[in-house]
Amino acid sequence: MKEKFIELLKNTKREGIENLITFLEKTDFFTAPASTRFHGSYEGGLLEHSLKVYEILKEKVKTSVIDVPVSEDSIIIIALLHDICKANFYKVDYRNAKNEFGEWVKVPYYTVDDTIPYGHGEKSVMMISEYIKLTVEEKYCIRWHMGFTEPKEIYTTLGQAFKKYPLALLTHEADLEATYFFDI
């Protein structure tokens, strides 16, 4: 999966993409979970989730009820990097739990260690922008990919973003579908 992910990014030929890939390889991005317990909460879950979002977003653009003009490069960048903020974000800790024999043992679990508390989507945009130039639409899609899981106080702003950039709504839907239909 890692090879496919890197090949897709390289296919964009976006200036700076090699440096972004080098950065990712120095992090735990390819082995990190997608979440602590909600979806893809296993080693490599983030990579698998990102590739599934790409697969779904590509299909959603093709079958959308409205025309959503977007390049393959943008679909790749948006889908594969929407959760880059989760690189070096999760840590393994241990807690006591009973095993099948009723004995207490230490078991590993994921916790959050957010050393860059900048939000979720906005943090991904910031991190990507350190390496490659994003289009305005790509920034909106990545920033708002969490959709209506954002605080309700900003739903008006979110709605405006979805109206202005329908691809942002499709990105949110692809993220949800990967999470809830495929549990990754």
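The values are calculated or read from the model by the stated rules, or taken from the named source; none is laboratory data. Note that the structure is a prediction, hence the values are computed from the model and not measured. Cβ coordinates were reconstructed from backbone atoms using ideal geometry, including for glycine residues, and neighbour counts include every protein chain displayed. Protein only, heavy atoms only, side chains kept; ligands, DNA and RNA dropped before computing areas. Shrake-Rupley method; radii C 1.70, N 1.55, O 1.52, S 1.80 Å.
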- Query: What chymotrypsin sites (Phe, Trp or Tyr not before Pro) in region 123-184 are in a loop by DSSP, with at most 12 other Cβ atoms within 10 Å of the Cβ?
  - Reply: F181
- The simple spin-label model distance between K152 and E25, using points 7 Å out along Cα→Cβ, in nm, is 4.7
- Taking springs between alpha-carbon atoms closer than 10 angstrom, which of A32, A168, A97 fluctuates most in the Gaussian network model of the chain? A97
- Message: Run the reach check for K58 against lysines, Cα to Cα strictly under 16 Å, same-chain hits fewer than 8 apart removed. What comes back?
- Response: K4
- Any of K91/K163; K2/K163; K86/K106; K10/K152; K13/K52; K86/K133 with alpha carbons more than 30 Å apart? Name them for me. K91/K163; K2/K163; K10/K152
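Protein chains only, probe 1.4 Å: how do R95, R14 rank by accessible area, largest first?
Numbers: R95 125, R14 45 Å².
Sorted descending by solvent-accessible area, the residues read R95, R14.
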- Build a GNM of the chain with springs between Cα atoms under 10 Å: which of N96, N11, N19 gets the top mean-square fluctuation? N96
- Item | Most fluctuating residue given options K86, K106, K123, as computed from a GNM of the chain linking Cα atoms under 10 Å | K106
- Any GluC sites (Glu not before Pro) in region 109-183 that lie in a DSSP loop and have at most 12 other Cβ atoms within 10 Å would be E130
- Task: Enter the Cα centre distance for the pair region 63-78 and region 155-184, rounded to the nearest angstrom.
- Result: 13
- Between D183 and Y109, what length comes free when the chain is fully extended (0.36 nm per residue of separation minus the Cα-Cα distance, one decimal in nm)? 24.9 nm
- Message: Can you tell me, using C-alpha contacts under 8 Å and at least 6 residues apart, the relative contact order of the chain as a whole percent?
- Response: 25
- Note on the structure: When the charge dipole of region 27-128 is computed with +1 at the Cβ of Lys and Arg and -1 at the Cβ of Asp and Glu, the Cα pointing farthest to the positive end, of S64, H120, Y110, is that of Y110
